[in-house]
1. Can you give me the number of residues within the stretch 41-73 that are of a type in the set (Lys, Arg), without any contact (Cβ under 8 Å) to a residue 12 or more places away in the chain and touching a Ser or Thr at 6+ places or on another chain (Cβ under 9 Å)?
2. Within the stretch 43-50, can one find any residue that is outside any helix (DSSP H, G or I), aromatic (Phe, Trp, Tyr) and within 30 Å of residue 261 (Cβ to Cβ)?
3. I'm trying to understand the selection: among the residues of the stretch 278-305, which are of a type in the set (S, T, N, Q) and under 16 Å from residue 319 (Cβ atoms)?
4. May I ask you to verify whether residue 283 is at pLDDT 95 or above and more than 16 Å from the chain's Cα centre (by Cα)?
5. Filter the stretch 70-118 for residues that are outside any helix (DSSP H, G or I) and in contact with an Asp or Glu (Cβ under 9 Å, 6 or more places away or on another chain); which is surrounded by the fewest Cβ atoms within 10 Å (Cβ to Cβ)?
6. What is the residue count in the stretch 177-187 for residues that are surrounded by fewer than 18 Cβ atoms within 10 Å (Cβ to Cβ) and either in a helix (DSSP H, G or I) or at pLDDT below 95 (or both)?
7. With 268, 228 as the choices, which residue is surrounded by 22 or more Cβ atoms within 10 Å (Cβ to Cβ) and not charged (D, E, K, R)?
8. Scan the stretch 188-225 for residues that are of a type outside the set (D, E, K, R) and not in a helix (DSSP H, G or I) and report the count.
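The values are calculated or read from the model by the stated rules, or taken from the named source; none is laboratory data. Here the structure is a predicted model, which means the values were calculated and not measured. Using ideal geometry, Cβ is built from the backbone for each residue, glycine included, and neighbour counts are taken over all protein chains shown.
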Amino acid sequence: MSDVEVLKPLKTWSHLAARRRKPSEYEIVSVNLQYNDRPGSAAPYELDPNVFMNRWYVQHRNNSPLKHKDWNSFRDPDELIYRTYCLMQDGQETYVYSLFDQFSAREHDKALTPQWAGTLARLYTPSRYLLHTVQMASAYLAQMAPASTIENCASFQAMDSFRWLSHVAYRTKELEGSFADKGFGKDERHYWEQDAAWQGFRELMEKTLVAYDWAECFVALNLVAKPAIEEGMLRLLGNVGRRNGDLVMSLLADAELIDATRHRRWVAALVKLALETDGNADVIRGWIAKWTPLADAAIDAYASAISESQSAADAAKQATATFRASLGL
């Protein structure tokens, strides 16, 4: 009888074995799940290399100027998986819709001034178009990400953007009931496409949606556009709403900014990983320099329409710059 080497079975998945410990639930269901990111492959998908989809991934993902030897080493600081995300955001949505129910029972909207209702019709309810562009850009980033752990973070971000959009839609219908003459549910597209207040954000996000390189998309969206939207629209709208007696707007903005803070944690972790590779800092800074003027112009245009003071725009732009500086950029 010939000698046969008997291989000992691995105690865990091979790509997790090096850590020499039991993998967490996050690692089991999140790490190294993509099959189309084989290093050096000219055909990410098992088709002819000249198929359009393969050429797209090679050009816009594999050949991105942002390089790292192992993107799969990225980890979400919050270690979210679909199960825990749903649990967490179920609680968030319970809170938000409790706000809606409570303030509706108090007939909150009837106490708003017609002037402020007109401001909401012009500068809040059209934001569902803006938030949909954030959702689409986040979904594209998830599709093109070079690691499943990055893909997951971008996917949860897209889900959050859709949640924010649904909040806008809900409030649009509520406000329509109290202010039928303000165009709620009817005029939002006109404002989005024609009003000067929105044209900066519209240009910024339409161009972000055609930033096809995965890493430039990440920088344009998560280091420039989203911070500008969060500081120059969402936080600003919440602050002005508070001054106008609109506690729903104020508390809703605060709740959504909790998600934005979590998004920034994974963004910071990915930037930290990227900066391990020589040359990446210059690539990222180059993209930031390209996209920041569009974002600053968007903040200026929106803030000038909703606030009587230029200091509001300056504070929002400073907040976005401070965020990037905290990442070493």
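1. Total meeting the criteria: 0.
2. There is no residue in the stretch 43-50 that is outside any helix (DSSP H, G or I), aromatic (Phe, Trp, Tyr) and within 30 Å of residue 261 (Cβ to Cβ).
3. Selection gives 292 alone.
4. yes
5. By that ranking, first place goes to 79.
6. Summing the residues that are surrounded by fewer than 18 Cβ atoms within 10 Å (Cβ to Cβ) and either in a helix (DSSP H, G or I) or at pLDDT below 95 (or both) in the stretch 177-187 gives 4.
7. Answer to the check: 228.
8. Residues meeting the conditions: 4.
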